[in-house]
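**Student:** Questions regarding the structure given below will be posed in turn.
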Amino acid sequence: MTQVSMTVNGKPVSGEVEGRTLLVQFLREGLGLTGTHVGCDTSQCGACVVHVDGKPVKSCTVFAQDVAGSSVKTIEGMANADGSLGTLQQAFQDHHGLQCGFCTPGMVMSSAALLADNPNPTEAEVRHHLEGNICRCTGYHNIVKAVLTASGQPVAAE
Amino acid sequence: MPKDYGIGASSKRREDVRFLTGRGVYTDDMALHGQTYAVFVRSTVAHGRIRSVGTEAASKMPGVLAIFTGEDFKDVGGNPAGWLINSRDGTPMHEPKRPVLAHGKVRHVGDAYAAVIAETYQQAKDAAQQISDDTDIEELPAIVDMRAALADSSNRVHDEIPDNQCYDWGWIEDNRAAVDAAFKSAPHVTTLELVNNRLVPNAMEPRASIGEYFPGTGDYKLTTTSQNPHLTRLLVAAFVLGIPENKLTVVAPDVGGGFGSKIYHYGEEALVLAAAKKLARPVRWTAERSESFLSDAHGRDHVTKIELACDKEGNFLAFRTETMANVGAYLSNFATVTPTFLHGTLMAGPYKVPHVYVNVKTVFTNTAPVDAYRGAGRPEATYSLERVIDKMCRELGLDPFEVRRKNFLTTDMFPYTTPVGLVYDTGNYHATLDKAMEMADVAGFAKRRADSAARGKLRGMGLSTWIEACGIAPSNLVGILGARVGLYDAATVRVNATGNISVMVGAHSHGQGHETVFAQIAAEKLGIPESSVEIVHGDTSKIPFGMGSYGSRSLAVCGVAMTKAIDKIVAKGKKIAAHMLEAAEGDITFEDGKFSVAGTDKAKTFGEIAFSAYVPHNYPLETLEPGLEETAFYDPANFTYPAGAYICEVEVDEGTGKVDVVAFHCADDFGNVMNPMIVEGQVHGGVGQGIGQALLESTTYDENGQLLTGSYMDYAMPRAGDVPFYNVDYSCQTACTHNVLGVKGCGEAGAIGSPPAVVNAVLDALHSGGHKIAHIDMPVSPGRVWQAING
Ligand code: FES
Ligand code: FES
């Protein structure tokens with residue numbers, strides 16, 4: 001067991017981890033931040049995406065000890081300071097971009113990273129960026145609409 | 001102006017806020033004091049005789065608390081099949097026991113034969129590996145192919161079932177001779193042999209269960225990823241573990257999708273309960289995705305020959321279907337009804353065809369159990385019909401739009417009894433086809449095809465006109481057909497003293513948005529704000545009863561139960577108002593949240609009535625009970641029959657065989673629509689899954705019964721880049737005639753209607769390029785298309 005410290009959603013945290021403890025396990029079981037989900041065991045589904053030092057990362061695929069000292073942001077840290085939904089979260093609600101909600105944290109984190117890099121993506125760029133996030137419920141239509149809306153562009157199609 | 005409140009409004013979903021902020025509570029999110037971890041030991045061979053299960057070394061490993069094997073459950077009940085289907089000769093189906101843990105034999109890769117409980121997940125995992133290493137299983141030849149399974153009596157999935165056949169079902173057997181005669185004399189017969197590919201449902205939340213036992217009271221609690229907690233309670237309590245039903249609570253909290261796979265009771269649920277009792281500690285289990293692939297109930301998997309008899313103008317004379325349906329190694333709860341009554345009864349489609357006959361042989365194989373997956377039987381029926389119709393059109397040089405049109409039932413024909421035993425109450429198939437053609441700009445297709453050609457692509461357009469039977473189901477009818485349960489639903493409306501209400505519903509939401517839509521309906525009926533209504537679901541200790549959500553039944557059955565309970569609340573409210581306003585009960589009217597004495601300005605608000613019900617000073621107690629809470633059960637009089645027309649356009653790259661869906665248009669008739677935003681979302685999701693089936697998803701077992709597509713690296717799930725924006729319309733509305741909401745159900749539509757539209761479009765594209773290809777099986781992968789083009 002080793003002691004790790006990092007910043008999660010702006011707060012310093014620390015805990016004991018094994019060498020094999022994944023970041024997602026540390027977040028969910030160590031810190032009780034269960035908004036980050038696990039949907040697969042092959043690094044394919046993206047339900048576990050968080051930001052590490054501003055970059056989207058599949059938290060099922062990095063060891064907790066490897067991000068020691070980093071700044072991690074999870075879905076729990078995405079709302080506005082007053083607790084209201086952030087722009088992208090609000091766009092997901094407005095456009096019905098979620099059904100069961102299981103893929104949603106990963107979708108939001110992944111899309112947020114896209115918009116940070118590329119504030120005005122095309123529809124094709126959004127779809128391409130989300131290749132690593134699987135949703136079984138929405139057929140992606142409303143997710144893509146939500147991301148395009150949040151980017152401040154008019155939505156390309158109904 | 002679109003409505004902004006109540007029925008018909010696109011109210012935003014209240015559940016979204018918790019999901020968007022990471023505060024949903026799914027089963028695996030719960031942490032319990034003293035919890036322990038279960039890991040299952042699963043067969044690595046498809047078929048084998050268990051010589052010994054090696055528990056000795058594992059039992060001494062660190063943290064191991066208990067080990068269970070098939071031996072521990074051999075005297076408890078099996079997980080039963082929900083429907084008894086009889087063969088054509090009247091003999092009942094074969095129904096092998098499905099044990100909690102495999103005993104004697106393992107029958108598919110992933111069949112669990114032992115479970116370890118340990119202090120930590122890693123300890124349980126390590127011990128499970130040890131058991132696997134120390135276990136001796138004699139491998140037997142795997143039975144994978146259905147035809148071979150039926151032909152070879154020497155190799156059996158279940159030793160007591162000689163030809164691996166569950167049943168040989170005919171529908172309707174008495175009509176067979178007339179159907180055969182119609183084929184004999186028909187001017188034209190088109191035959192098509194096809195495969196409806198096996199799919200893995202892949203709800204994004206893997207299955208998970210937590211068992212708890214409370215020694216002080218002898219109560220059990222199961223928290224589980226279920227679409228219908230009451231059915232799970234019944235099966236675990238009464239059939240498998242023999243727990244009194246009133247000693248078991250089943251909770252299905254936030255559930256991350258189901259699509260059928262979470263309807264059923266699975267052995268893991270019984271195991272965590274039995275283990276929790278033994279250890280008097282909570283026992284939790286969450287499937288890894290690899291386990292989901294191996295052990296969740298799969299869907300579809302039909303091998304079908306369909307024949308269509310018609311005259312030279314394309315008027316349908318008869319349909320005849322022969323299907324082999326794979327049920328896998330054991331009968332999952334709805335496995336026997338899916339290929340029969342959910343498939344055969346739909347084989348008339350929306351058409352006026354006089355003669356229809358369906359034969360289904362259901363086969364055991366050494367593969368994961370197969371059961372209902374979004375649409376369940378109805379996609380298989382629609383796919384066969386819509387594909388063979390297009391093939392006939394090509395053979396006779398007829399226009400596929402016109403052929404559907406001339407064979408459609410017309411609005412003056414309802415109620416209409418089909419030759420396969422359903423009574424369609426209402427519909428307007430011409431309207432949805434007209435709408436779809438307008439949306440798709442069919443007239444402009446030639447120009448789009450030319451544009452595609454200029455970019456080196458073959459463009460094709462494909463049509464599918466679909467119908468389904470949902471709102472499952474009238475108990476008296478399904479009882480005659482072999483169902484072992486009723487399929488009503490229930491709701492309790494509790495008006496609290498302060499005037500807000502809690503509605504406990506038997507339907508379960510795992511993405512459908514019930515918390516929002518049911519509240520819209522209740523709010524409108526009672527004339528109170530939506531925010532005053534709270535919907536409670538998924539907990540057998542809170543809700544009266546329920547049969548859960550599947551078969552597009554939530555609104556059409558449970559929504560109607562809630563409406564009936566609300567009617568009772570209003571009736572009781574009138575009694576209270578009559579007392580308070582010193583008027584006759586018959587003079588009280590209820591409108592916009594107010595009880596009034598007709599023709600006067602004397603009135604009481606809903607809130608005043610509620611308060612008085614709980615502060616009943618001066619009540620005439622002999623005639624008026626305090627309190628305001630009502631329950632209603634509703635059993636539908638008939639199925640509901642949504643229908644629609646789907647038009648797909650694809651571009652095919654002749655060089656690579658890659659197919660791109662470039663446009664998808666849906667014109668559906670769902671009857672009345674409660675929340676348009678949610679209805680559209682349901683169609684999007686269904687079409688996304690249908691495109692997945694048509695182009696991407698293949699569940700492949702090799703000849704040894706090893707699943708070759710057991711992860712997201714091998715099983716091609718549709719991703720954002722594989723699908724277009726969908727063009728969805730639901731304006732053609734013929735209200736269901738036998739439920740008060742006039743609703744039909746929209747959850748399965750997309751998955752039913754879309755696969756044939758996609759494949760028909762691909763074939764249309766190929767023909768336009770001079771490739772005279774009659775058929776390609778799904779998934780229509782680049783490899784298959786390329787092969788078809790290049791021989
Ligand atoms: S859990 Fe699926 S990618 Fe991380
Ligand atoms: S909303 Fe259910 S998986 Fe995306």
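The values are calculated or read from the model by the stated rules, or taken from the named source; none is laboratory data. Every value quoted in this text rests on a predicted model; they were computed, and no experiment measured them. Neighbour counts are summed over all protein chains in view; Cβ atoms, including those assigned to glycine, are modelled from backbone coordinates with ideal geometry. When the accessible area is computed, the model is the full protein with side chains, heavy atoms only, and any ligands, DNA or RNA have been set aside. Shrake-Rupley method; radii C 1.70, N 1.55, O 1.52, S 1.80 Å.
**Student:** Can you compute log10 of I(q)/I(0) for chain B with the Debye formula, treating each Cα as one identical point scatterer, at q = 0.05, 0.09 Å⁻¹?
**Tutor:** The calculated log intensity ratios at q = 0.05, 0.09 Å⁻¹ are -0.27, -0.88.
**Student:** If B:Asp145, B:Asp601 are ordered by their accessible area, calculated over protein heavy atoms with a 1.4 Å probe, which sequence runs from highest to lowest? Walk me through the numbers on the way to the answer.
**Tutor:** Numbers: B:Asp145 90, B:Asp601 145 Å².
So the residues, ranked largest to smallest area, are B:Asp601, B:Asp145.
**Student:** Continuing with this model, one more query. What is the extension gain from B:Asp399 to B:Lys125, computed as 0.36 nm multiplied by their sequence separation minus the C-alpha to C-alpha distance, in nm to one decimal?
**Tutor:** 92.7 nm
**Student:** Please work out the Kirkwood hydrodynamic radius for the range B:114-221, using every pair of different C-alpha atoms, and report it in angstroms with one decimal place.
**Tutor:** Numbers: mean 1/r = 0.0476 Å⁻¹.
Kirkwood radius, the range B:114-221: 21.0 Å.
**Student:** In addition: Mind giving me the FRET efficiency for B:Val76 and B:Arg51? R0 is 25 Å, r the Cβ-Cβ distance, nearest 0.05 is fine. Don't jump to the answer; show the numbers that get you there.
**Tutor:** Numbers: r = 23 Å, r/R0 = 0.92.
The calculated FRET efficiency here is 0.60.
**Student:** Give the Kirkwood hydrodynamic radius (Å, one decimal) of the range A:87-150, defined as one over the mean of 1/r across all pairs of different Cα atoms. Please list the in-between numbers first.
**Tutor:** Numbers: mean 1/r = 0.0889 Å⁻¹.
With all distinct Cα pairs of the range A:87-150 included, I get 11.3 Å.
**Student:** Taking only complete DSSP H runs, can you tell me which helices of chain B stretch 15 Å or more along their own long axis by Cα positions and average at least -1.0 on the Kyte-Doolittle scale?
**Tutor:** Numbers: long enough: B:121-134 (20 Å, -1.47); B:267-279 (18 Å, 0.58); B:378-396 (27 Å, -0.70); B:429-440 (16 Å, -0.26); B:514-526 (17 Å, 0.18); B:560-580 (30 Å, 0.35); B:676-691 (22 Å, 0.39); B:749-768 (29 Å, 0.90).
Helix filter hits for chain B: B:267-279, B:378-396, B:429-440, B:514-526, B:560-580, B:676-691, B:749-768.
**Student:** In addition: Which three extents, in whole angstrom, do the alpha-carbon atoms of the protein assembly as shown cover along their principal axes, largest first?
**Tutor:** Its Cα atoms span 84, 78, 63 Å along the three principal axes.
**Student:** Using a 1.4 Å probe on the heavy atoms of the protein chains only, list every residue of the range B:11-31 that has 30 Å² or more less accessible area in the complete assembly than in its chain alone.
**Tutor:** B:Lys12, B:Arg13, B:Asp16, B:Val17, B:Phe19, B:Leu20, B:Thr21, B:Gly22, B:Tyr26, B:Asp29
**Student:** Could you quote the convex hull projected area for the range B:648-791, Cα atoms only and averaged over all directions, in nm²? Walk me through the numbers on the way to the answer.
**Tutor:** Details: hull surface 44.3 nm².
Directional mean of the projected Cα hull area for the range B:648-791 stands at 11.1 nm².
**Student:** Something else now. Cβ neighbours within 10 Å, averaged per peptide: list A:99-110, B:216-227, B:68-79 in order, most packed at the top. Write down the numbers at each step before the final one.
**Tutor:** On the way: A:99-110: 28.9, B:216-227: 21.1, B:68-79: 17.8.
Top to bottom by mean Cβ count within 10 Å: A:99-110, B:216-227, B:68-79.
**Student:** Which Rg and Dmax, in Å, describe the Cα atoms of the range B:400-550?
**Tutor:** That works out to 23.0, 70 Å for Rg and Dmax.
**Student:** Then there is this: Calculate what fraction, in whole %, of the accessible area of the range B:1-111 sits on carbon and sulfur atoms when a 1.4 Å probe is rolled over the protein chains.
**Tutor:** Details: 2670 of 4930 Å².
Accessible surface attributable to carbon and sulfur in the range B:1-111 totals 54 percent.
**Student:** Further question on the same structure: Name the aspartates and glutamates eligible as straight-distance cross-link partners of A:Lys145: C-alpha to C-alpha under 12 Å, and not fewer than 8 places from it in the same chain.
**Tutor:** Those aspartates and glutamates meeting the cut-off are A:Asp94, A:Glu123, A:Glu158.
**Student:** Tell me which lysines have Cα within less than 19 Å of B:Lys184's Cα, excluding those fewer than 8 residues away on the same chain?
**Tutor:** Leaving aside lysines fewer than 8 places away in the same chain, those within reach of B:Lys184 are B:Lys305, B:Lys312.
**Student:** Something else: Pop out the carbon and sulfur fraction of the accessible area of the range A:87-150 as a percent, whole number, probe 1.4 Å.
**Tutor:** 51 percent
**Student:** Straight-line reach from B:Lys575: which lysines fall under 29 Å, measuring Cα to Cα and dropping same-chain residues less than 8 apart?
**Tutor:** Leaving aside lysines fewer than 8 places away in the same chain, those within reach of B:Lys575 are B:Lys525, B:Lys542, B:Lys564, B:Lys594, B:Lys602, B:Lys604.
**Student:** Among B:130-138, A:85-93, what's the highest-first ranking by average C-beta atoms within 10 angstrom per residue?
**Tutor:** Working: B:130-138: 16.9, A:85-93: 21.0.
Ranked by mean Cβ neighbours within 10 Å, highest first: A:85-93, B:130-138.
**Student:** Carbon and sulfur atoms: what percent of the 1.4 Å accessible area of the range B:389-484 do they account for?
**Tutor:** Values: 2090 of 3730 Å².
With neighbouring chains kept in place, the figure for the range B:389-484 is 56 percent.
**Student:** Let me ask something else. Computed on protein heavy atoms with a 1.4 Å probe, what is the summed buried accessible area for the chain pair B and A, in Å² to the nearest 100? Mind dumping the intermediate values first?
**Tutor:** Values: alone 28150 and 8190 Å², together 32050 Å².
For B against A, buried area totals roughly 4300 Å².
**Student:** Please compute the modelled spin-label separation between B:Ala454 and B:Leu624, points set 7 Å along Cα→Cβ, answer in nm with one decimal.
**Tutor:** So the label points at B:Leu624 and B:Ala454 sit 7.8 nm apart.
**Student:** Compute the Kirkwood hydrodynamic radius of the range A:2-76, taking the inverse of the mean of 1/r over all pairs of distinct Cα atoms, and give it in Å to one decimal. Intermediate values should be presented prior to the final figure.
**Tutor:** On the way: mean 1/r = 0.0838 Å⁻¹.
This gives a value of 11.9 Å.
**Student:** Let me ask something else about it. Within 10 Å of each Cβ in peptide A:138-150, how many partner chain Cβ atoms are there on average? Round it to a whole number, please. Before the final figure, lay out each step's value.
**Tutor:** Values: counts 7, 21, 12, 15, 7, 2, 4, 1, 0, 1, 0, 0, 0.
Mean partner shielding for this stretch: 5.
**Student:** Also, I was wondering about something else. Over the heavy atoms of B:Trp169, what accessible area does a 1.4 Å probe trace out, to the nearest 10 Å²?
**Tutor:** Here the residue's solvent-accessible area equals roughly 10 Å².
**Student:** Hey, what did chain A get for relative contact order, percent, Cα under 8 Å, at least 6 apart? All intermediate terms of the calculation are to be shown ahead of the outcome.
**Tutor:** On the way: 282 pairs, mean separation 36.2, N = 158.
RCO, chain A: 23 percent.
**Student:** If Lys and Arg each add +1 and Asp and Glu each add -1, what is the summed charge of the other residues whose beta carbon sits under 11 Å from the beta carbon of B:Asp4?
**Tutor:** Numbers: positive: B:Lys3, B:Lys12; negative: B:Glu530.
Local net charge: +1.
**Student:** Provide the per residue accessible area, probe 1.4 Å, for the range A:2-76, rounded to a whole number of square angstrom.
**Tutor:** On the way: 3140 Å² over 75 residues.
Here the residues of the range A:2-76 average 42 Å² of exposed surface.
**Student:** Simple spin-label model, 7 Å along Cα-to-Cβ: B:Asp219 to B:Asp434 in nm?
**Tutor:** Calculated label separation equals 5.9 nm.
**Student:** Give the average, rounded to an integer, of partner chain Cβ atoms located within 10 angstrom of each Cβ in B:119-127. Walk me through the numbers before you get to the answer.
**Tutor:** Working: counts 0, 1, 2, 3, 0, 0, 0, 0, 0.
If you average over the peptide's residues, the count of other-chain Cβ atoms is 1.
**Student:** Taking 40 Å² as the minimum loss, tell me which residues in the range B:672-709 lose that much accessible area going from the chain by itself to the full protein complex (1.4 Å probe).
**Tutor:** B:Met677, B:His684
**Student:** Also: Between the range B:463-497 and the range B:210-239, what is the C-alpha centre distance in whole Å?
**Tutor:** Using only Cα atoms to place each centre, the spacing works out to 23 Å.
**Student:** To continue, here is another question. Enter the accessible area per residue of chain B (Å², integer; probe 1.4 Å; all protein chains in place). All intermediate terms of the calculation are to be shown ahead of the outcome.
**Tutor:** Working: 26050 Å² over 791 residues.
With all protein chains present, chain B gives 33 Å² per residue.
**Student:** What do you get for Rg/Rh over the range B:362-451 if you use C-alpha atoms and the Kirkwood form of Rh?
**Tutor:** Working: Rg = 17.6 Å, Rh = 16.5 Å.
Across the range B:362-451, the Cα-based Rg/Rh ratio is 1.07.
**Student:** No solvent, one uniform scatterer per C-alpha: report log10 I(q)/I(0) for the range B:488-634 via the Debye equation at q = 0.10, 0.11, 0.16 1/Å, two decimals.
**Tutor:** -0.34, -0.41, -0.80
**Student:** Let me ask something else about it. Can you compute the FRET efficiency between B:Asp567 and A:Ala68 using 1/(1 + (r/R0)^6), with r the Cβ-Cβ distance and R0 = 51 Å? Round to the nearest 0.05.
**Tutor:** Working: r = 62 Å, r/R0 = 1.21.
Working from the Cβ atoms, E equals 0.25.
**Student:** Using a 10 Å cut-off around each Cβ of peptide A:23-35, what is the average number of partner chain Cβ atoms that fall inside?
**Tutor:** Values: counts 0, 0, 1, 0, 0, 3, 2, 0, 0, 2, 2, 9, 8.
Mean shielding by partner chains, rounded to a whole number: 2.
**Student:** Which FRET efficiency value, to the nearest 0.05, is calculated for B:Ala177 and B:Trp786 with the Förster distance at 60 angstrom and r the Cβ-Cβ distance?
**Tutor:** On the way: r = 45 Å, r/R0 = 0.74.
Approximately 0.85, to the nearest 0.05.
**Student:** Can you compute the label reach from B:Glu585? Point 7 Å from Cα along the Cβ direction, backbone N cut-off under 14 Å, restricted to the range B:543-577.
**Tutor:** So the set is B:568-577.
**Student:** Report the Cα centroid-to-centroid distance between the range B:697-752 and the range B:23-74 in angstrom, as an integer.
**Tutor:** After rounding, the separation between the Cα centres reads 33 Å.
**Student:** When you take every Cα atom in chain A, what is the radius of gyration, and what is Dmax, the widest Cα pair distance, in Å?
**Tutor:** Cα radius of gyration and Dmax of chain A are 15.6, 53 Å respectively.
**Student:** Pull out the extension gain between B:Ser153 and B:Met30, defined as 0.36 nm times the separation in residues minus the alpha carbon to alpha carbon distance; nm, one decimal. Don't skip to the end; give the middle numbers.
**Tutor:** Details: separation 123, 0.36 × 123 = 44.28 nm, distance 4.83 nm.
Taking 0.36 nm per residue and subtracting the Cα distance, the gain is 39.5 nm.
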